[in-house]
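The values are calculated or read from the model by the stated rules, or taken from the named source; none is laboratory data. As the structure is a prediction and not an experimental result, all values here were calculated from the model. Cβ sites come from the backbone with ideal geometry, for glycine too, and all protein chains shown count toward neighbours. Note: accessible area is taken over every heavy atom of the protein model, side chains too, but ligands, DNA and RNA are not part of it. Shrake-Rupley method; radii C 1.70, N 1.55, O 1.52, S 1.80 Å.
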There are 2 protein chains.
Amino acid sequence: MNQATCSFDPIAVDGEARAGALTTRRGVIETPVFMPVGTAGTVKGIRFEELESEELDARIILGNTYHLWLRPGIETIKAAGGLHKFIGWNRAMLTDSGGFQVWSLGALRKITEAGTEFRSHIDGSLRFLSPEVSMEVQTALGAEIAMAFDECAPGEATPEDARRSIELTLRWAKRSKDAHVAQLLNLRPDDESQTDSLRYRQALFGIIQGAGHLDLRRESLERTLEIGFDGYAIGGLSVGEEKHVMMDVIEDIAPRMPVEAPRYLMGVGTPEDLVEAVARGVDMFDCVLPTRNGRNGQAFTSRGKLNIKNARYALDQSPLDESCNCSVCRRHTRAFIRHLYQSGEMLASILLTHHNLAFFLDTMKRVRQAIRSGQFAKFRREFTEQLHCGLE
Amino acid sequence: MNQATCSFDPIAVDGEARAGALTTRRGVIETPVFMPVGTAGTVKGIRFEELESEELDARIILGNTYHLWLRPGIETIKAAGGLHKFIGWNRAMLTDSGGFQVWSLGALRKITEAGTEFRSHIDGSLRFLSPEVSMEVQTALGAEIAMAFDECAPGEATPEDARRSIELTLRWAKRSKDAHVAQLLNLRPDDESQTDSLRYRQALFGIIQGAGHLDLRRESLERTLEIGFDGYAIGGLSVGEEKHVMMDVIEDIAPRMPVEAPRYLMGVGTPEDLVEAVARGVDMFDCVLPTRNGRNGQAFTSRGKLNIKNARYALDQSPLDESCNCSVCRRHTRAFIRHLYQSGEMLASILLTHHNLAFFLDTMKRVRQAIRSGQFAKFRREFTEQLHCGLE
């Protein structure tokens, strides 16, 4: 079997922050990188042409195994020749395992050793997701990077609960790896939709759990490393714990993660979280904040969050963010975007989503430049100061 | 006072069909032209950058006086310096008078000689729209073309009802013209937002009514001509009458309209309607079909309408329209767009709206080319045949 073509090379280090290159069959991704979330085969409210534009230049997006598995279902995606072809996206993708989504269903799911049984949020049907099913689905989706099927503990989990969670996650990690290897061996060269996956082995990342308990986090890391993956993710953060707990975990764990593998912080966070996590050694991020909050009328700006619903913007002829050079800020005023939002116009979501993604992606670009030029500490200080000085 | 810079020059004639150039201070608009409808300051579901792209190249859009007057209100738009500046659109615009919208409110409005009293669909407040108010609002909006305030009769109106309607519309037309002149004279040169409107007099179009009664239509035309406008519109069609009645009216009236002024068919229609009306001498169109139907899952194609909800498209790897070269058809399959629609994803509306506008605008481009090369009869025949041969 081929090596995973998803390989990682650290390029520059500035303190714990590092700039690197993640090489996939669909191009080189400079890190630290933010991955827009494409839940159901679409990054909500934005066309791929915009994501590919020089302005946003998103090199990798995330697809949700849970959502795509339930709808349209794997047969539909297989018929198109995999997820890239189904949705028409030719750049890199990462799929999550579905573990977090089914865990989030709360009372609607039952977790056993075998896997998670749950009711579909779409039609109420009874479904079963396990490491083996997740690997089967993710192999069929054919993203460049797949994730091990894990179990998440709540942010405030006791040591006992967190222990149970990391043990289950470790057993599922081993089963995920075995099933992933088996899936790839099972690919048929005569199936055109599977050729690419055969030629370029899909990478598989392991996930570190342990809630806010550093000893469990370290153990989870060590034993996940023993199983061996192409990259490692920190899961189970931003799930209800206090902000300082999250940063403590990242600060303790990220530097212990292998230098030669990408470090991915799952589901985090605000622009400030991203910069702070980079300062602690993280390379990859995904988060729904820029898209979801955009649809809810919130803009992220260099001077903090802006709620476009606020009446103070009704006659405001300035852009969302004076410091932003995105196509929305170059063209439209807060007054206009507020009018669109108040009128229930789809364009409000479209414009806010675009600006927010531009701001997140541009921030990461500036982070990369700062690390490469050894100016990251200065960038981090100035970025944070500006965020906190408030909106004009 | 300056001449309206919105001037019209016929360029080529092929049968009754004609190609011309409508010159405004914001560029030359080749006719026949289709105007996307921008109800509340946005063409729903599409960014201005797309409308301006070479692919769509919409040269003029329509704004709705009724909607903008109610929300965000004229003071908000004045504060931005007019509608163009408020929404960030630098190309030409036409605003309707609000007459049709308030007429459409049915039981919620009361029409008197003075004007129309109605309840706002937004907050239920009692409002009053008249020729004078409409002219005041339209002058403040500052589009290149304003429309006279008219009254519409139902498609099946009796001769008596239609007579009452044209008489009222004629009195309102005179009041509209007088009020428009007065408004323009009242513009203050020291008000920056009004400078452009002063320098380039806003054009005002009159509207011909008369339901399906040709004698009343002809009289309405003659007496509207006597008042004198910069262009003339056929109103009161596509409001419940039979299709052949609409085409009979157009066929009778359009060729009697002045050669040297633009002829605008309001609120019509399907791609086939557009081609058939061009064949009868019409220059300008607006219609919500490409945007509204797009949001409802309907695509207009060269082989007829396609309902993306249909299960037959679940695994269909072909584009919406095999003959279409728009960015949606070049990239996405019916199966994917159906998945987006079924999942309630905004991108379904965005992609269908884009394709539909591309199809309408491209059809009009081909119409113009056909007229200029004396091939319009051939184009019309082939276009219609293809439309009726059905979807593959």
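Quick notes on this one:
- All C-alpha to C-alpha distances of region B:233-378, sorted into 10 Å bins beginning at zero, yield P(r) values of 11, 37, 29, 18, 4, 0 percent in whole numbers.
- Amide H partners (placed H, <5 Å) of B:GLU241, local residues excluded: B:GLY155
- Sum of side-chain charges, A:ILE166 neighbourhood, beta-carbon under 9 Å (Lys, Arg +1; Asp, Glu -1): +1
- Cα-based shape type of the protein assembly as shown, given that a ≥ b ≥ c are square roots of the gyration tensor eigenvalues and the cut on a/c is 1.5: prolate
- Of all DSSP-defined beta bridges confined to the protein assembly as shown, some 50% are antiparallel rather than parallel.
- Of the residues making up region A:18-49, those losing 20 Å² or more of accessible area when the isolated chain is joined by the remaining protein chains, with a 1.4 Å probe, are A:ALA40, A:THR42, A:LYS44, A:GLY45, A:ARG47, A:PHE48, A:GLU49.
- Ligands, DNA and RNA left out, the 1.4 Å accessible surface of region A:254-392 is 45% carbon and sulfur atoms.
- Using 0.36 nm per residue and subtracting the Cα-Cα separation, the extra length available between A:LYS305 and A:LYS110 on full extension is 66.4 nm.
- Taking chain B and dividing mean pair separation by its residue count, relative contact order in percent (alpha carbons under 8 Å, at least six apart): 18
- At least 27 Å along the helix axis (C-alpha) and Kyte average at least -1.0, DSSP helices within chain A: A:159-186, A:346-372
- Three-way shape call for region A:27-126 based on the alpha-carbon gyration tensor, with the a/c threshold at 1.5: prolate
- Cα-based Rg / Dmax (Å) for region B:66-215: 15.9, 50
- Cysteines having no other Cys beta carbon under 4.7 Å from their own, within chain A: A:CYS6, A:CYS152, A:CYS287, A:CYS326, A:CYS389
- Sequence ranges B:321-329, B:136-144, A:343-351, A:273-281, ranked by mean other-Cβ count within 10 angstrom, highest first: B:136-144, A:273-281, A:343-351, B:321-329
- Selected from A:GLY212, A:GLY88, A:GLY297 as most flexible by GNM, with chain A as the system and alpha-carbon contacts under 10 Å: A:GLY88
- Solvent-accessible area buried by B and A, counting both chains, probe 1.4 angstrom, square angstrom: 3500
- Our compactness index for region B:159-301, the C-alpha radius of gyration over the empirical 2.2 N^0.38 Å, is 1.19.
- Spatially, region B:343-392 and region A:92-164 are offset by 46 Å when compared through their Cα centroids.
- Alpha-carbon centroids, region A:11-77 and region B:1-73: separation in whole Å: 38
- Distances between copies of A:ARG303, taken at a point 7 Å out from Cα along the Cα→Cβ vector and listed shortest first: 5.6 nm.
- Shape call, region B:111-182: gyration tensor on alpha carbons, a/c limit 1.5: oblate
- Residues in region B:55-74 occluded by at least 30 Å² - accessible area, probe radius 1.4 Å, against chain by itself: B:ARG71
- When chain B is treated as a Gaussian network with alpha carbon springs shorter than 10 Å, the biggest mean-square fluctuation among B:PHE285, B:PHE300, B:PHE336 belongs to B:PHE336.
- Spatially proximal aspartates and glutamates relative to A:LYS309 (Cα-Cα < 20 Å; intrachain offsets below 8 disregarded): A:ASP321, A:GLU322, A:GLU345, A:GLU392, B:GLU75, B:ASP123
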